[in-house]
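Structure first, then comments.
The values are calculated or read from the model by the stated rules, or taken from the named source; none is laboratory data. What you are looking at is a predicted structure, and each value in this text was computed from that prediction instead of being measured. We place every Cβ from the backbone using ideal geometry, glycine too, and count neighbours over all the protein chains shown. Side chains included, ligands, DNA and RNA excluded: accessible areas come from the protein's heavy atoms. Shrake-Rupley method; radii C 1.70, N 1.55, O 1.52, S 1.80 Å.
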Amino acid sequence: MSATTGKVLQDVQDERDRQDAKWGDQSMSYDGTGASVRPLREMGPIYSGTPAFQLAYRATNQTDVESRHGGASMASILLEEVFEALAESDAIKLRTELVQVAAVAVAWCEYIDRRGALPVPMGGGSR
Ligand SMILES: [Mg+2]
């Protein structure tokens, strides 16, 4: 593991500790995932009826288009992984997708750090 990965993973661990302290054990929360789940249902008429599997397909298409035109943005890559996770109803496959979401988020943090951006002090109570 690189030093930058280790730092980001420590930040993730610290945030997890803060989440647990703030919210307590949330392990009984329902997953709310599956191909027909409409994750953007509260976001207005354009996207509210779009099922997760279509969002995953569209996000993958967006990433593919960007890749063919100079490279995919981290935002598009993360959204693709998030929508893929939301489209899963099988717990094992969902877990695999969530690891991919976490890995992309960690990589994105590393890239920001490598650009020389100063990390924002953690502990803002985000979730
Ligand atoms: Mg994936």
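Observations on the structure shown:
- Couplings for segment 38-47, taken from phi via the Karplus curve 6.51 cos²θ - 1.76 cosθ + 1.60 with θ = phi - 60°, read 10, x, 10, 4, 9, 9, x, x, 5, 10 Hz in order; Gly and Pro are left as x.
- The share of alpha-carbon pairs in the chain lying farther apart than 21 Å comes to 52%.
- Mean residue ellipticity (222 nm) of the chain, computed from DSSP H runs ≥ 4 via -39,500 (n - 2.57), nearest 500: -20000 deg cm²/dmol
- Across segment 3-17, coupling constants 3J(HN,Hα) worked out from phi with the 6.51/-1.76/1.60 Karplus curve, θ = phi - 60°, read 4, 5, 5, x, 5, 5, 5, 5, 4, 5, 4, 4, 5, 4, 4 Hz, and Gly and Pro carry x.
- Percent carbon-and-sulfur accessible area, segment 10-127, ignoring ligands, DNA and RNA, probe 1.4 Å: 57 percent
- A 1.4 Å probe run over the chain, with the rest of the protein chains in place, finds 69 Å² accessible per residue.
- When the chymotrypsin sites (Phe, Trp or Tyr not before Pro) in segment 1-95 are filtered for DSSP coil states and for at most 15 other beta-carbon atoms within 10 Å of their beta-carbon, the remaining sites are Tyr30, Tyr47.
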